[in-house]
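These notes are about the structure you will find just below.
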Amino acid sequence: MGSPEETQAQAEVDVVVIGAGQAGLSSAYHLRRDGWAPGTGFVVLDADPLPGGAWRHRPSTLTMAKVHGIFDLPGSRFGTAGSDDGRDDADGTDPGVSRPVAEVVADYFAAYERRNALPVLRPVRVDSVREFGDRLVVAAGDREWAARAVINATGTWRRPYWPAYPGAAGFAGRQLHSASYRGPAEFAGRRVVVVGGGNSAAQILSEIADVAAATTWVTRRPPVFRDGFTREDGRAAVARVEERVRAGLPPQSVVSVTGLAYTTVVKEALRKGVLTRLPMFERIRPDGVVWPDGAFVPADVIVWATGFRPDLGHLAPLRLREPGGGIAMDGTRVVAQPRLHLVGYGPSASTVGANRAGRAAAREVARLLATELPVADQDAG
């Protein structure tokens, strides 16, 4: 069996998993559990230098006390203290609530990779995936993997969405996406407009309210606040997104489907009175934003908490896009390319959905390749 650290220009492998976030680790866990050997059986390629997925990029101000919850990776209970074994202190307190989520989840993911002996190679940023005979060739710099199947779990973090509005290029202040937000200190004394209806917007508004000269919250649609999210609500939301991806349409954002839950962050922002929403402005002036009726709000900073788009540019050589702009899916399988599965995309974009999709993708890959000789047997022959 070959080592995942082999340096030949092109290595043959049964399955390549692209991405080591929640969806990628779930897929890798199920591949390993189902008998795929690390190295020749499968490898995981991750663009980040260290474990943690998108969580490791969260600002240090987002602590464990503020998150709604961290979903368990398969076969491993996360635990309220943020340890990978789920144990609290003897007195029942939780020593992890003040720690940044980025640190806690990175530790959890790293321990998970070690304990399950997952063959994660990093940093390896995939440039392209192309079809070559009965293989999908995954290219990253000067290295290539010829895979019998690929599970893509690249998520959305590297593709922040910036909507286009008239006058944006002429704004004299600062514009940033919420992905670049690192804490409230840099907004002291500033007049800040925050655009977006999700938890990121609520967190930023709540934190900068203590230091900013003024805050304004703007959303495209009126926010829908929810006291809870039932199992029936979850099924309905997944069904709506799944219907879109089956039709080859781009998946909707999570907030547009689920609404805004009363999380700790949202409750804090409501107490501070910063979730008084205004409709979307019409254009941007050098010194602020303007609405159709002429109303004006001066601004020094505009924060675009407008979400993300799937990071799928490396799949462009496969020409998967449908006329509607999305990728037609059947479960996790791409209709136009049965050797390719997308997890963490569409209905599996949530952490709960990512775990289920990882298991489904591993099983589908096993069925797909069941009638073909594995790489090791082909080499022996």
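The values are calculated or read from the model by the stated rules, or taken from the named source; none is laboratory data. Computed from a predicted structure; not experimentally measured. Here Cβ is always computed from backbone atoms with ideal geometry, including for glycine, and neighbour counts include all displayed protein chains.
Conditions (1) more than 30 Å from residue 44 (Cα to Cα); (2) not in a loop (DSSP other than H, G, I, E, B), marked per residue:
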{"position": "267", "(1), (2)": "yes, yes"}
{"position": "289", "(1), (2)": "yes, yes"}
{"position": "311", "(1), (2)": "no, no"}
{"position": "339", "(1), (2)": "no, yes"}
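Summed over segment 181-215, the residues that are touching a strand residue (DSSP E or B) at 6+ places or on another chain (Cβ under 8 Å) and within 30 Å of residue 354 (Cβ to Cβ) give a count of 11. Here the strands (runs of 3 or more DSSP E) wholly within segment 115-181 that include at least 1 residues being more than 30 Å from residue 199 (Cβ to Cβ) are 128-132, 135-140, 143-152. Residue-level check: of (1) closer than 23 Å to residue 124 by Cα; (2) at pLDDT 90 or above, residue 355 misses just (2).
Sort out which residues of segment 71-110 are touching a strand residue (DSSP E or B) at 6+ places or on another chain (Cβ under 8 Å), at pLDDT 85 or above and either surrounded by 14 or more Cβ atoms within 10 Å (Cβ to Cβ) or charged (D, E, K, R) (or both), and write them in order of number. Those that are touching a strand residue (DSSP E or B) at 6+ places or on another chain (Cβ under 8 Å), at pLDDT 85 or above and either surrounded by 14 or more Cβ atoms within 10 Å (Cβ to Cβ) or charged (D, E, K, R) (or both): 99, 100, 101, 108, 109. For segment 29-43, check the following and say yes or no: at least one residue is in the same structural domain as residue 108 (by TED's automatic domain parsing), of a type in the set (Lys, Arg), within 19 Å of residue 206 (Cα to Cα) and modelled with pLDDT under 95. Within segment 29-43, not a single residue is in the same structural domain as residue 108 (by TED's automatic domain parsing), of a type in the set (Lys, Arg), within 19 Å of residue 206 (Cα to Cα) and modelled with pLDDT under 95. The set of residues in segment 98-135 that are among the aromatic types (Phe, Trp, Tyr) and within 30 Å of residue 182 (Cα to Cα) comprises 108, 109, 112. The numbered conditions (1) touching a Gly at 6+ places or on another chain (Cβ under 6 Å); (2) crowded, with 20+ Cβ neighbours inside 10 Å are all true for residue 341 except (1).
Within segment 158-186, residues that are more than 23 Å from residue 310 (Cβ to Cβ) sit with their Cβ atoms under 7 Å from residues that are exposed (fewer than 12 other Cβ atoms within 10 Å of the Cβ), at 6+ positions apart or across chains, in these pairs: 170/286; 171/286; 172/286; 184/210.
Of all the numbered requirements in (1) modelled with pLDDT under 95; (2) within 24 Å of residue 286 (Cβ to Cβ), residue 197 misses one, and that requirement is (2).
Being under 30 Å from residue 283 (Cβ atoms), at pLDDT 95 or above and either out of contact with any Ser or Thr (no Cβ under 8 Å at 6 or more places or on another chain) or part of a helix (DSSP H, G or I) (or both) is a description that does not apply to residue 192. Residues being outside any loop (DSSP other than H, G, I, E, B) and within 24 Å of residue 150 (Cα to Cα) are entirely absent from segment 58-71. Condition check: small (Gly, Ala, Ser), modelled with pLDDT of 90 or more and under 20 Å from residue 128 (Cα atoms). Does residue 336 satisfy that? Taking the combined requirement at face value, the residue satisfies it. The set of residues from segment 12-40 being part of a loop (DSSP other than H, G, I, E, B) and either more than 24 Å from residue 312 (Cα to Cα) or out of contact with any helix residue (DSSP H, G or I) (no Cβ under 7 Å at 6 or more places or on another chain) (or both) comprises 19, 34, 35, 36, 37, 39, 40.
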